[in-house]
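Novice: The structure follows.
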Amino acid sequence: DVVETQEHYKSRWRSIWIMYLTMFLSSVGFSIVIMSVWPYLQKVDPTADASFLGWIIASYSIGQMVASPLFGLWSNYRPRREPLVVSTAISVAANCLYAYVHVPHSHNKYYMLTARALVGFGAGNVAVVRSYIAGATSLTERTSAMANTSACQAVGFILGPVFQTCFTLIGEEGITWKLVHLQLNMYTAPVLFGALLGVINIILIFAIFREHRVDDMGRQCKSINFEGEESGVSDQDTEGDVDHVAVVAINFLFFVILFVFAVFETIATPLTMDMYSWTRKEAVFYNGIILSVVGIESVIVFMVVKTLSKKTGERAILHGGLLIVLVGFFILLPWGKKLPNIQWQEIKNNSIPRTISTEMLMPFWSLQAMHLPSNHTVEPVGCPVTQSWCLNTPMIYLAQYISSDILIGLGYPVCNVMSYTLYSKILGPKPQGIYMGWLTASGSGARILGPVFVSQIYTHLGPRWAFSLICGVVVVSLLLLEIVYKRLIAFSVRYGRMQE
């Protein structure tokens, strides 16, 4: 056995911390502008409608879905610094483009669409980050490192809107630098701040990040990504085939996990408006508070699950997480007899027509900027009569909704971390870039399809059908997990090199 030196250990963990930072900045890049996209879009291109906003929100996930396998493949054969720097540079350039979408005289909305898609493309480096952490940690370190990675990602999603709120102090007009046609205001300052963070990230990657690889027992290994020779154990421990049945199963489970969470965060605003007669402003405000608390809950769960997995193992925790998610959606089914308040009249000649399907194509936070016009005195509230199910479907009580939020906020982070951890252990010591790319792409695809699914089923059939189908999908996932349960073991355990 080759014992890892203290210097190698410190260098390896410094590099892992740079990966944590990269993950954090990637999620900040998504969430830092999400609340201001709609008013900025209206300002730069009045021809854009709320439907186009849905495409702009989705373009991030589409870009990430396309880029993840490409960056993952790149990282398998070249030093990981290359795809990391290139992807971050793309995000920096995309943020700068976003700050300048007001300059062209026409088609500004398409420039904004391109900018957000490129930010998502740059976020494809998540696959590189995950594959590096998988290769640079032993089996005993893996769960903790993956949990830390997911926690950094979650904190980025939480802090992004906080940064955005701080930048609103600059105001809508802000400062104009005519020499370079730059407007520094509440819409452009966040992305320029994101670009600055990206530049700092690139500098740290060059200055601190080093390629390291250890085997499942923590012994120093040679790496195809390493610049030069690194002493260590031979690659004989990489011999053997990856269990592709287990790989496909985890990809499917991860898709389902991201799919149901995308449905959960998308349905929040329209569901509460229909059930509790909340105005748009009330729905965004209250759901913003609830989902912020859920985000904090998730970070705590990421920390707790690191310790818990050492006692029970990842498979049992994944099983428990899926059960909690199932109970969370089961609670959301309408059980009582009381019907929701019915909205009998639609307001005519309103510059913001109430179209439920459009609202649900956007995450809850993107609705925050959709203010009613100043001459608008009465906003229709309640369940619109155009949704026929409103006339015969019982309401979902507020206690049901909040209980569901708490349970899903508990189950989702558990499933997220355990999926990544099990996946990396199943793949073993071989380069994981392309595999991590496919896993990230499946998650991005789920985040695209989730809002589309819920907008169709909820609008036309109602919450009973929507949440019943979600429960059915989770049950299928639990059955699949039972079928492949014994195959979800580490590569080294499968080939008898380590005991489980």
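The values are calculated or read from the model by the stated rules, or taken from the named source; none is laboratory data. From a predicted model like this one, the values you see are computed outputs, not experimental measurements. Reconstructed Cβ throughout: ideal geometry from the backbone, glycine too, with neighbour counts over all protein chains shown. Remember, those area values only see protein heavy atoms, side chains included, never the ligands or the DNA or RNA. Shrake-Rupley method; radii C 1.70, N 1.55, O 1.52, S 1.80 Å.
Novice: Starting from region 299-313, take each residue that is of a type in the set (Phe, Trp, Tyr) and list its partners that are in a helix (DSSP H, G or I), counting only C-beta distances under 8 angstrom and pairs at least six apart or across chains.
Specialist: Cβ pairs passing all conditions: Phe302/Ala147; Phe302/Asn148; Phe302/Ser150; Phe302/Ala151; Phe302/Ala154; Phe302/Pro413; Phe302/Val417.
Novice: From Ser11, Ser26, Ser51, Ser91, which residue is in contact with a helix residue (DSSP H, G or I) (Cβ under 9 Å, 6 or more places away or on another chain), modelled with pLDDT under 90 and under 30 Å from Ala136 (Cβ atoms)?
Specialist: Ser26
Novice: Which members of region 57-75 meet the condition of being crowded, with 21+ Cβ neighbours inside 10 Å and more than 20 Å from Cys152 (Cβ to Cβ)?
Specialist: Ile57, Ala58, Ser59, Gly63, Met65, Trp74
Novice: Something else: Restricting attention to region 8-30, which residues are touching a His at 6+ places or on another chain (Cβ under 9 Å) and small (Gly, Ala, Ser)?
Specialist: Ser11, Ser15
Novice: Go through region 417-474 and count every residue that is buried (at least 24 other Cβ atoms within 10 Å of the Cβ), at pLDDT 90 or above and either in the same structural domain as Met146 (by the TED database) or hydroxyl-bearing (Ser, Thr, Tyr) (or both).
Specialist: 0
Novice: For residues in region 1-32 being of a type in the set (Val, Ile, Thr) and either open to solvent by 20 Å² or more (accessible area, probe 1.4 Å) or under 15 Å from the mean Cα position of the chain (by Cα) (or both), which is nearest to Lys109 (Cα to Cα)?
Specialist: The qualifying residue nearest to Lys109 (Cα to Cα) is Ile32.
Novice: Assess whether Arg116 counts as being over 30 Å from Gln220 (Cβ atoms) and open to solvent by less than 30 Å² (accessible area, probe 1.4 Å).
Specialist: yes
A quick yes/no check of all residues on (1) in contact with a Leu (Cβ under 7 Å, 6 or more places away or on another chain); (2) open to solvent by 10 Å² or more (accessible area, probe 1.4 Å); (3) closer than 29 Å to Asn251 by Cβ; (4) in contact (Cβ under 8 Å) with a residue 60 or more places away in the chain:
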{"position": "Pro79", "(1), (2), (3), (4)": "no, yes, yes, yes"}
{"position": "Glu82", "(1), (2), (3), (4)": "no, yes, yes, no"}
{"position": "Ser87", "(1), (2), (3), (4)": "no, no, yes, no"}
{"position": "Gly122", "(1), (2), (3), (4)": "no, no, yes, yes"}
{"position": "Val126", "(1), (2), (3), (4)": "no, no, yes, yes"}
{"position": "Thr137", "(1), (2), (3), (4)": "no, no, yes, yes"}
{"position": "Ala145", "(1), (2), (3), (4)": "no, no, yes, yes"}
{"position": "Thr149", "(1), (2), (3), (4)": "no, no, yes, yes"}
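Novice: If you check every pair at least six apart or on different chains, which have Cβ atoms under 7 Å apart with a residue in region 464-484 that is under 25 Å from Ile396 (Cα atoms) and assigned to a helix (DSSP H, G or I) first and a residue that is aliphatic (A, V, I, L, M) and open to solvent by 30 Å² or more (accessible area, probe 1.4 Å) second?
Specialist: Listed pairs, sorted by first residue: Trp465/Ile457; Ala466/Ile457; Leu469/Ile457; Cys471/Leu326; Val474/Leu326; Val475/Leu326.
Novice: Between a residue in region 33-54 that is in the same structural domain as His105 (by the TED database) and any residue that is open to solvent by less than 20 Å² (accessible area, probe 1.4 Å) and among the acidic types (Asp, Glu), which pairs come within a Cβ distance under 6 Å, given they are 6 or more apart or on different chains?
Specialist: Partner pairs satisfying both residue conditions: none exist.
Novice: Pull out all pairs, ordered by first then second residue, where Cβ-Cβ is under 6 Å, the residues are six or more apart or on different chains, the first lies in region 256-269 and is within 10 Å of Tyr412 (Cβ to Cβ), and the second is of a type in the set (Val, Ile, Thr) and at pLDDT 85 or above.
Specialist: As it stands, the answer is Val260/Ile470; Phe264/Ile408, since those pairs meet every condition given.
Novice: Are there any pairs, at least 6 apart or on different chains, whose C-beta atoms fall under 7 Å, with the first in region 158-186 and closer than 30 Å to Val293 by Cβ and of a type outside the set (Val, Ile, Thr) and the second open to solvent by 70 Å² or more (accessible area, probe 1.4 Å) and not in a strand (DSSP E or B), and if so, which?
Specialist: Here the result reads Met186/Glu172, each pair linking region 158-186 to a residue that is open to solvent by 70 Å² or more (accessible area, probe 1.4 Å) and not in a strand (DSSP E or B).
Novice: Could you say whether any residue in region 79-102 is farther than 24 Å from Ala262 by Cα and of a type in the set (Phe, Trp, Tyr)?
Specialist: yes
Novice: List the number of the failed condition for His107; all other conditions in (1) on the phi > 0 side of the Ramachandran plot; (2) at pLDDT below 80; (3) not acidic (Asp, Glu) hold.
Specialist: Going through the list (1) on the phi > 0 side of the Ramachandran plot; (2) at pLDDT below 80; (3) not acidic (Asp, Glu), His107 breaks only (2).
Novice: Filter region 275-312 for residues that are open to solvent by 20 Å² or more (accessible area, probe 1.4 Å), closer than 15 Å to Cys415 by Cβ and hydroxyl-bearing (Ser, Thr, Tyr) and give the result.
Specialist: Matches in region 275-312: Thr312 only.
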